[in-house]
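Reviewing the structure listed below.
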Amino acid sequence: MNFDLTEEQAAIRRMAREFAEAEVAPGAAERDEKHLFPLDLVRRMGELGFFGIPFAEAYGGLGGDYVSYALAVEEIARADAGLGLTYAAHVSIGLGPVYSFGTEEQKQRWLPGGIRGEYLASFGLTEPQAGSDAAATRTTAERDGDHWVLNGQKQFITNAGYAGYVVCTAVTEKGKGHRGISNFIVPTDAPGFRVGPPLKKLGLHSSDTRPLYFDDCRVPAENLLGRPGEGFKQFMATLDGGRISIGAFCVGIARAAYEAALRYAKEREQFGRRIGEFQAIQFKLADMAMEIELARTQVLKAAWLKDQGRPYTREAAMAKLFASEMATRAASQAVQIHGGYGYVRDYPVERYYRDVKLGEIGEGTSEIQRLVIARHILGEQEG
Ligand code: COS
């Protein structure tokens, strides 16, 4: 067993850290405050190759692995969680399904521009009435000559306002439950497709989240992903990869919170001593350091399994569940260590505390991760 990163993985992590510290971190507080989406940084990330890390060179990717990608997501989320989410969603659940299930033509058509950062990609699964129960999708797609016609709406779609396309789920055969769901690559300039206004969120203000509307939205027949009825399994597999990236995103936020708390504990004096000299503070920092290490190890294990082509559904659910709940604890303790100063915007921990909660909700709630893990350990799912 070897826990060392390869030279390439270490180089990608170094590049991500340098870029994040020099170009992403400086404006993060202002983007949060003013709800600004950093399109310039998205373009830069495309130019620098971040979006292509886990994709083949044939589509403009770097031909790297998922471990490297997870390391990069952690670094970006540490500097700006909003941009970390933009990155994770674009690569894992926007470009990911086209890369995994698209035809050669679809891949050539949709991946290179997204990898270069000319546009973002989104994943349209959640609906107002279909959240955890993803099979309850109500959006429909009916065949009309050489087109599919979509009707319905989606909710909480990351990157939607800047997307070139959205991979959307729709029912193509009613009464067949999850076997009647298909996925479509919907270009955002398709007739009948509309993106709603940005949602007002607790945190992650520098990321873009919106509803989508389909009113007789016409999509060419060749934009069906895979075969009709394969959509549910495609998006379950897509979410497995997405959950690794959300785990990495949470490790990044937890690290930022921990580092801020550590700095503060070394500066702040009370009762004539630095507060870091008190065991009450030391134990909090020790727990944070330990849990971050454990979460990252599980995130990288799940990524490594994916890279080996081995089953990783259970490990990805564990990584996402542990990392997200750990990061919420870490952000909360970081605020606590800062006391009153943690509750105001003079220090960044207030932002981390707001940003981090999404990790326990997006790409499957903690409850859904527990359900996935329980089904595996009870032998209801293979892998
Ligand atoms: N990869 C590939 N296929 C999978 C899979 C996976 N990880 N997990 C399940 N499947 C398959 C099953 O094998 C089953 O196939 P068969 O019909 O051939 O037996 C099919 O998918 C249906 O699976 P299941 O019966 O488990 O579906 P459920 O309706 O019970 O749903 C949960 C399972 C709840 C786990 C699923 O709906 C889910 O993950 N919900 C959360 C959705 C989510 O994360 N939303 C957030 C989106 S933010 S982008």
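What the table below lists for this structure:
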item: Cβ-defined net charge surrounding T103, 15 Å radius [Lys, Arg +1; Asp, Glu -1]; result: -1
item: Environment charge at P198 (Cβ cut-off 9 Å; Lys +1, Arg +1, Asp -1, Glu -1); result: +2
item: Simple label model, 7 Å out from Cα along Cβ direction - E277 to E230, nm; result: 6.6
item: Dipole of the range 79-160, positive end: most advanced residue of F101, G114, Q155 [Cβ charges, Cα centre]; result: G114
item: For the range 117-208, alpha-carbon Rg over 2.2 N^0.38 Å; result: 1.12
item: Extreme residue, positive dipole direction of the chain, given options A141, I292, S366 (C-beta unit charges); result: S366
item: Cα-centred dipole magnitude for the range 78-155, charges only on beta-carbon of K, R (+1) and D, E (-1), debye, nearest 20; result: 240
item: Pairwise centroid distance, computed over Cα atoms, of the range 126-160 with the range 210-269, Å; result: 18
item: Heavy-atom accessible surface of the chain: percent carbon and sulfur, 1.4 Å; result: 50
item: Counted charge near E230, where neighbours are those whose Cβ lies closer than 15 Å (Asp, Glu -1; Lys, Arg +1); result: +3
item: Virtual spin-label span in nm between N151 and D4, 7 Å along Cα→Cβ; result: 6.2
item: Per-peptide average of other Cβ atoms within 10 Å, ordering 45-58, 219-232, 147-160 highest first; result: 147-160, 45-58, 219-232
item: Computed P(r) (all Cα pairs; the range 1-61; 5 Å bins; percent); result: 4, 14, 20, 21, 16, 12, 8, 4, 1, 0
item: Crossing angle, helix 104-116 versus the chain [Cα axis fit, 0-90 degrees, rounded to tens]; result: 30
item: Dipole magnitude of the range 1-123 about its Cα centre (Cβ charges: Lys, Arg +1; Asp, Glu -1), debye to nearest 20; result: 260
item: Two-site FRET efficiency, R268 against Q308, from Cβ-Cβ distance with R₀ of 35 Å, rounded to 0.05; result: 0.15
item: Where chymotrypsin sites (Phe, Trp or Tyr not before Pro) fall in DSSP loop in the range 330-375, at most 12 other Cβ within 10 Å; result: none
item: Residue among R345, R116, R255 with the largest mean-square fluctuation in a Gaussian network model of the chain, springs linking Cα atoms under 10 Å; result: R345
item: Dipole moment magnitude, nearest 20 debye, the range 242-331 about Cα centre, only Lys, Arg, Asp, Glu C-beta charged; result: 180
item: Most positive-pole-ward Cα, P211, P228, S182, against dipole of the range 151-230 from beta carbon charges; result: P211
item: Residue-normalised accessible area of the chain, given per residue in Å² at a 1.4 Å probe; result: 45
item: Cα-Cα separations in the chain greater than 41 Å, expressed as whole percent; result: 12
item: Cα centroid separation, the range 320-369 to the range 1-79 (Å); result: 21
item: Those lysines that a straight Cα-Cα span of less than 17 Å connects to K357, excepting residues fewer than 8 apart in one chain; result: K200, K201, K320
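The values are calculated or read from the model by the stated rules, or taken from the named source; none is laboratory data. Predicted model only: the values in this text are computed from it and were never measured. Backbone-built Cβ (ideal geometry, glycine too); neighbour counts: all protein chains shown. These accessible areas exclude ligands, DNA and RNA; they are computed on the full protein's heavy atoms, side chains included. Shrake-Rupley method; radii C 1.70, N 1.55, O 1.52, S 1.80 Å.
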